[in-house]
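Since the structure comes first, as structure tokens, the remarks are kept for the end.
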Amino acid sequence: MTSTRERRSPIDRRRSGAERSQELFAAIDGGQIEIAFQPQFSCSDERLIGAEALARWNHPRRGTIGIDALFALAGNAGDAAALTHHIAGRALAAAARWPDPLRLSLNVTAADIAAENFADTFGAAVRESGFPAERLTLELTEQALVRDIDGSAAQLARLAGKGMRIALDDFGAGFCNFRYLKILPLHYLKLDRSMVEGIVTDARDLAVLRAIVAMAGALDIAVIAEGIEDEAQLEKVRDEGCAAFQGFLRARPMAARAFEEFASQDSGRVVRGL
């Protein structure tokens, strides 16, 4: 039997993409894209150092759509770029109200990095927001780099030259191409949660974590552990030399206003970022 997808003509597929784009832009204009902030903490003293901006689409029919599915639905480079611009603009505007030391982390996509003028346009957006480039971290995954590693390195070097810091996100979830560590201007490795889940009970998992931290230290790259959900995990990543962590153990993602209140509850909780 021929599937529905196989029976569609090219015109049907184009119409589907156009409808998807129209729906996405309507969601952006209608305020359905919600920005949340996942607090990040120093491992050494557990003080707040900043937050990662996350996005989700409160879809009227499909329910909540997370950031990965959201960009997958964007469908093409133009839509993805518009979505990145919207998320970054909202997050930068919120972060401009944060206490001075706190850092903002933003995710960028393969489509962003592939755009020849991305460094210039993004740099201009940061300047217009009033948020200091020196307090901004850009996070990207290996998937965002595989198309053109040399071009990506050049783009990221230009952004780093503006004062921004660069993090390789979800490290351990993909191929862990060590060439990235050689040629990219990286400041942080963000360990995927799968790399910390077993470190309390599995000696091999702990050995892998220890080796990654040692390698990163030799390259002057700080390690951030994601997905920390219990005290034992936190103790391990602290003992092994991770610089920072985020996870449900200390704070779940929260709305912009809630994060401002969280950060202002006690000035002693805020520390200058890594």
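Hey, does the stretch 256-265 have a residue that's under 26 Å from residue 150 (Cα atoms) and touching a Leu at 6+ places or on another chain (Cβ under 7 Å)?
Within the stretch 256-265, the first condition is being under 26 Å from residue 150 (Cα atoms), and the residues that meet it are none.
The answer is no; no qualifying residue exists.
Only a single item in (1) closer than 26 Å to residue 143 by Cα; (2) in contact with a His (Cβ under 9 Å, 6 or more places away or on another chain) is not met by residue 66, and it is number (2).
What residue, among those in the stretch 178-229 that are charged (D, E, K, R) and under 29 Å from residue 148 (Cα atoms), is modelled with the lowest pLDDT? Reasoning before the result, please.
Initial filter on the stretch 178-229 (charged (D, E, K, R)): 179, 182, 190, 192-193, 197, 202, 204-205, 210, 220, 226, 229.
From what's left, under 29 Å from residue 148 (Cα atoms): 179, 182, 190, 192-193, 220, 226.
Working: 179: 82, 182: 89, 190: 96, 192: 93, 193: 93, 220: 97, 226: 96.
The residue in question is 179.
What about residue 217, is it of a type in the set (Gly, Ala, Ser) and within 24 Å of residue 134 (Cβ to Cβ)? Yes: the conditions hold for residue 217. Yes or no: the stretch 154-167 includes at least one residue that is under 16 Å from residue 222 (Cβ atoms) and of a type in the set (D, E, K, R). Yes, the stretch 154-167 contains at least one residue that is under 16 Å from residue 222 (Cβ atoms) and of a type in the set (D, E, K, R).
The residues on offer are 93, 81, 111, and the sole one that is surrounded by fewer than 17 Cβ atoms within 10 Å (Cβ to Cβ), out of contact with any strand residue (DSSP E or B) (no Cβ under 7 Å at 6 or more places or on another chain) and either assigned to a strand (DSSP E or B) or not polar (S, T, N, Q) (or both) is 93. In the set (1) part of a helix (DSSP H, G or I); (2) open to solvent by 20 Å² or more (accessible area, probe 1.4 Å); (3) touching a residue at least 60 places away in the same chain (Cβ under 8 Å), residue 211 fails one condition alone, (3).
Please go through the stretch 217-247 and give me each residue that is in contact with a Cys (Cβ under 6 Å, 6 or more places away or on another chain) and either open to solvent by 50 Å² or more (accessible area, probe 1.4 Å) or at positive phi (or both), ordered by number. Correct list: 238 only.
Could you tell me which residue of the stretch 39-62 is nearest to residue 231 (Cα to Cα), considering only residues that are open to solvent by 30 Å² or more (accessible area, probe 1.4 Å) and not charged (D, E, K, R)? Quick ask: steps written out before the conclusion?
Taking the stretch 39-62 as the starting set, the residues that turn out to be open to solvent by 30 Å² or more (accessible area, probe 1.4 Å) are 44-47, 54, 56, 58, 60-62.
In the following step, the residues that additionally are not charged (D, E, K, R) were identified as 44, 54, 58, 60.
Values: 44: 14, 54: 24, 58: 32, 60: 38 Å.
The qualifying residue nearest to residue 231 (Cα to Cα) is 44.
The values are calculated or read from the model by the stated rules, or taken from the named source; none is laboratory data. The structure presented is a predicted model; accordingly, all values stated were derived computationally and were not measured. Cβ atoms come from the backbone with ideal geometry, glycine included; neighbour counts cover every protein chain shown. Quick note on the areas: whole protein, heavy atoms, side chains included, nothing else; ligands and nucleic acids left out. Shrake-Rupley method; radii C 1.70, N 1.55, O 1.52, S 1.80 Å.
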